[in-house]
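What follows is a single structure, written as structure tokens, with notes after it.
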Amino acid sequence: MSYEKVLYSLESGVAHVSLNDPATRNAISRQLAEELIDALRRAGREARTVLLTGEGKGFSSGANLAETKIDVSDPMRDAGVALDDFLHPMVKELQGLDLPVVTAVQGAAAGIGSSLAMAGDIIVCGTSGYFLQAFRHVGLVGDGGATWLLTRAVGRVRAMEMLLLGERLPADKALEWGLVTRVVPDEDLFDTAMALARDLAAGPRSLSLIKRTAWNANDTTLETAMAMERAAQREASRSDDFAEGVAAFLDKRPPEFKGK
């Protein structure tokens, strides 16, 4: 697939994928979503880490409502059709990647754009960045996994505040609430996020297993989480990277992981 609404590049094991519709502050259209899904699948084949950014002044302003064209005169109208068609598959593709994902937020991460940002494993935010659950302002409910992602990141009470009041959550407060990993000056955002992505790309195969078990633990019992850890530890210990890690430790040298 050729890309128009996303940009894709590969360097040092990092697939840099950028939302590329700055005129709409990277509003999510069907075309952008389908291109993003394809780019993420490509990254899964050829990269070891994904860095997701947005071109221009905002990460993403949410769903492209101008494209939706819902007939408000139809009493049987359904704004959820786009969720089934391309919006929810897009978020699930990102969160389900078997690779560490770094998301870098500048300006708005609104609506489903907020869900994309929150689906990252490491979330870096510029000082201009903010999160906005804008759904109530158009008479809709949180989607893109927002209710699940928010309640697990910041707790039910704070998630309710964001969803019910629809107020901006600025970068510093997002850090205080535990929604983002780091906040840096806007001019340092890309370099910081890329440095983190390169560090992850140079890491062992077990990083993907850490990601999988940590996400799964969000929604299970302690006993089940421990069973998943046990299975993942067996898989990790059979990797070439584990053998290299032990050899490097015994040789008192830095390990050279290959992601295998």
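Details
- Residue satisfying condition, being among the small types (Gly, Ala, Ser), crowded, with 19+ Cβ neighbours inside 10 Å and either assigned by TED's automatic domain parsing to the domain that holds residue 192 or more than 26 Å from residue 190 (Cα to Cα) (or both), within set 60, 73: 60
- Among the numbered conditions (1) in contact (Cβ under 8 Å) with a residue 60 or more places away in the chain; (2) more than 18 Å from residue 59 (Cα to Cα), the only one that residue 144 does not meet is (2).
- Any hit, segment 70-80, residues being without any contact (Cβ under 8 Å) to a residue 12 or more places away in the chain and small (Gly, Ala, Ser): yes
- Near pairs, Cβ below 8 angstrom, 6+ apart or cross-chain, from segment 173-184 (in the same structural domain as residue 196 (by TED's automatic domain parsing)) to any residue that is at pLDDT below 95 and outside any helix (DSSP H, G or I): none
The values are calculated or read from the model by the stated rules, or taken from the named source; none is laboratory data. Remember, it's a predicted structure, so these values are computed and weren't measured experimentally. Here Cβ is always computed from backbone atoms with ideal geometry, including for glycine, and neighbour counts include all displayed protein chains.
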